[in-house]
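Below: the structure, in structure tokens.
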Amino acid sequence: MPTLAEVRQQIEAYPDRYIFWTQKEIRHLPGILDHGESIKALTSGILNGQTWLAVCTDRRLIFLNYGMFWGVEQVQMPLDRVQSIDHQFTFFFGSISVFDGVNEFTLRMVLKSSILPFVKTTEETMYSLRRAQTRIGSPDPNVHTDVATQLAKLAELKEKGYLTDEEFQTQKKKLLGN
């Protein structure tokens, strides 16, 4: 779990951040992020009259609202399950909608200049994650890699959170011929 200082350092490194009225959410992020999970993009917007922080990490999308009276509301979507991420613009603001095949989450009143960088970074991270999973999940029959190396790659993906324990066990059985 990263410290608040590490989280703030990652946020400062992202040039297109828009974190209007989300300091409470940012202070709550270290308790949500897993060890080794890094922030790729973030922005803020409005949903149901409340300010939400949208965070794209190397593993998932996190939508966070630390309410004044009602506590923390949190929506998480693993990047490998996101079906689409869409956006719209008006003069100064716009919206970002994310669909995971079952649920849709739409954040409105997002500063226009932060929308495209957030969407593009999220898409790039999604595609990178999917390429990594595809390479492990369906190896090229023309490439002869020893089983130990492939198991090490699977373990690394599981450790980084790209594979669930069930997915890891399934791929491990395939490699071992079970």
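The values are calculated or read from the model by the stated rules, or taken from the named source; none is laboratory data. Quick caveat: nothing in here was measured; it's all calculated off a predicted structure. Every residue, glycine as well, gets a Cβ built from its backbone with ideal geometry; the counts of neighbours run over all protein chains shown.
Before moving on, here are some points about what is shown:
- Residue within the range 86-102 that is closer than 17 Å to ARG59 by Cα, modelled with pLDDT under 90 and either of a type outside the set (Lys, Arg) or outside the structural domain of ILE62 (by TED's automatic domain parsing) (or both) present: no
- All of (1) modelled with pLDDT of 90 or more; (2) farther than 21 Å from MET109 by Cβ hold for GLY71 with one exception: (1).
- Residue identified as outside the structural domain of LYS158 (by TED's automatic domain parsing), among the β-branched types (Val, Ile, Thr) and touching a Phe, Trp or Tyr at 6+ places or on another chain (Cβ under 9 Å) among THR51, THR57: THR51
- All of (1) surrounded by 15 or more Cβ atoms within 10 Å (Cβ to Cβ); (2) at pLDDT 95 or above hold for ALA132 with one exception: (2).
- Long-range neighbours under 7 Å by Cβ, at least six apart or interchain, first residue within 22 Å of LYS120 (Cα to Cα) within the range 69-89, second surrounded by 13 or more Cβ atoms within 10 Å (Cβ to Cβ) and among the aromatic types (Phe, Trp, Tyr): VAL75/PHE63; VAL75/PHE105; GLN83/PHE99; SER84/PHE99
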